[in-house]
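Visitor: One structure is given below, represented as structure tokens, and several questions about it will come after.
The values are calculated or read from the model by the stated rules, or taken from the named source; none is laboratory data. This structure is a prediction, so every number in the text was calculated from the model and none was measured. All Cβ positions, even for glycine, are placed from backbone atoms using ideal geometry, and neighbour counts span all protein chains on display. In case anyone asks, the SASA skips ligands and DNA or RNA and just uses the protein heavy atoms, side chains included. Shrake-Rupley method; radii C 1.70, N 1.55, O 1.52, S 1.80 Å.
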Protein chains: 2
Amino acid sequence: MADLKAGVNQLFLREEELRTGMELLFYAYREFTAEPDEILAEIGFGRAHHRVIYFVGRYPKITVSELLAILKITKQSLSRVLGELVRQGFIDQQTGARDRRQRLLELTGKGVELERQLSETQRQRIARAYRMAGAEAVEGFRKVMMGMLDDEDRAKFTPPAPARLATKR
Amino acid sequence: MADLKAGVNQLFLREEELRTGMELLFYAYREFTAEPDEILAEIGFGRAHHRVIYFVGRYPKITVSELLAILKITKQSLSRVLGELVRQGFIDQQTGARDRRQRLLELTGKGVELERQLSETQRQRIARAYRMAGAEAVEGFRKVMMGMLDDEDRAKFTPPAPARLATKR
DNA sequence: GCTTTTAGGTCAGCCATGTTGACGCGGTTG
DNA sequence: CAACCGCGTCAACATGGCTGACCTAAAAGC
């Protein structure tokens with residue numbers, strides 16, 4: 001009887017624990033994107049533009065197909081926002097040297113500035129959370145988050161050389 | 001000189017650390033929603049329907065305004081998906097006893113079944129991540145995630161009585 | 001008891017961002 | 001030189017946000 005009760009209770013706790021995880025992800029993601037979204041709205045951009053700017057800043061000289069592989073959207077969807085960013089001078093395209101079909105993407109000065117501005121609040125939010133939680137908690141956070149990813153995405157974090165560096169350019 | 005170098009290196013690590021946090025959130029959220037999205041697409045629903053079903057399941061007899069406060073969308077947006085869910089028999093509305101203007105929302109059997117099906121993959125994903133990372137890591141994960149929230153959302157987790165229980169019904 | 005506020009719904013239209021499908025151009029490669 | 005590939009583009013559609021206007025019925029305030 002006591003055993004049964006303990007079992008039930010454990011199941012309940014587990015259920016609660018899992019729900020907590022789901023909700024933390026939902027709320028955190030929403031608040032994480034809220035502030036940049038406001039800035040973006042002012043200049044007529046959306047979250048999609050932020051993602052492109054972020055990853056182009058993260059991986060300078062990234063090709064369009066590499067970017068597509070990261071974002072996992074169609075090239076038509078990417079094209080819309082990328083085109084605007086290029087036309088408005090936030091991103092530069094240069095023809096690949098080795099393969100002249102490729103467009104290597106890079107932030108302009110203006111692009112770097114916007115990226116910095118957009119990500120600043122997010123960086124602060126994370127930095128605050130890390131500081132409040134402590135180094136050990138951060139390690140746990142990373143472990144759990146990694147565990148949520150599929151192998152493909154997990155690979156982007158583990159190796160000394162991220163996937164793209166293994167790709168011929 | 002050594003000090004300077006250490007400082008620079010620490011800054012770099014910090015920058016990398018923060019970027020890692022941002023990206024973990026991006027990838028994890030995307031994969032977290034991918035599987036339910038597929039199921040939803042088959043029955044002509046979208047992610048918005050899932051959110052409504054989830055929170056109605058989580059808080060049976062929740063009112064429309066409480067739901068709006070959680071989701072932080074407009075009532076017109078909610079109305080669209082909630083209406084479909086009610087008409088198709090996934091959610092029941094009953095008039096509030098104390099306040100007859102209120103519609104208390106509840107999942108039907110059909111709704112419970114769909115909720116279970118949708119959340120199952122997410123539960124598994126989280127359970128897997130928790131299991132792989134260990135109890136201590138989970139505690140760290142929770143701490144960091146909580147630190148990312150604004151006070152308002154954080155309050156939903158901390159108290160023995162969630163905000164809605166303090167609300168008169 | 002009358003007025004105001006509140007809970008909820010509805011119509012209409014706009015926007016951002018995702019999708020599919022088809023097609024074109026130029027560069028690379030077997 | 002043919003086939004494939006990287007990239008771009010046109011067109012059409014769906015989802016899910018948004019604003020603004022307007023409605024009913026119930027509750028609350030005076």
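Visitor: What is the mean number of Cβ atoms from other protein chains located within 10 Å of the Cβ atom of each residue in peptide B:47-58, rounded to a whole number?
Guide: 1
Visitor: Which of the residues in segment B:112-130 show a loss of at least 20 Å² in accessible area from their chain by itself to the complete set of protein chains, at a probe of 1.4 Å?
Guide: Flagged in segment B:112-130: B:Arg123, B:Arg125, B:Ile126, B:Ala127, B:Arg128, B:Ala129, B:Tyr130.
Visitor: State, as an integer percentage, the relative contact order of chain A based on alpha-carbon contacts under 8 Å between residues 6 or more apart.
Guide: Relative contact order, chain A: 19 percent.
Visitor: How many percent of Cα pairs in the protein assembly as shown exceed 40 Å?
Guide: For the protein assembly as shown, the fraction of Cα-Cα distances above 40 Å is 19 percent.
Visitor: If amide hydrogens are placed 1.01 Å from N in the peptide plane, which non-local residues have theirs closer than 5 Å to the one on B:Leu104?
Guide: Amide H neighbours of B:Leu104: B:Gln94, B:Thr95, B:Gly96.
Visitor: Would you mind checking which residues have amide H under 5 Å from B:Ile91's amide H? H placed 1.01 Å from N; only 5 or more apart, or other chain.
Guide: B:Val86, B:Thr108
Visitor: How many Å² of accessible area per residue for chain B, probe 1.4 Å?
Guide: That works out to 55 Å² for each residue.
Visitor: Also, quick follow-up: Provide the per-residue ³J(HN,Hα) series for segment A:119-134, in order, calculated from phi with Karplus coefficients 6.51, -1.76, 1.60 and θ = phi - 60°, each as a whole number of Hz, with x at glycine and proline positions.
Guide: Computed from phi, the couplings for segment A:119-134 are 7, 4, 5, 5, 4, 5, 4, 5, 4, 4, 4, 5, 5, 5, 8, x Hz.
Visitor: Moving on. Using only protein heavy atoms and a 1.4 Å probe, report how much of B:Glu38 is accessible, in Å² to the nearest 10.
Guide: Accessible surface of B:Glu38 is approximately 130 Å².
Visitor: Okay, next question. Calculate the mean, over all residues of peptide A:70-77, of how many other protein chain Cβ atoms lie within 10 angstrom of the residue's Cβ.
Guide: 1
Visitor: Show me the three semi-axes of the equivalent ellipsoid for chain A, from the C-alpha gyration tensor (sqrt of 5 times each eigenvalue), largest first, rounded to whole Å.
Guide: In descending order the semi-axes read 38, 20, 15 Å.
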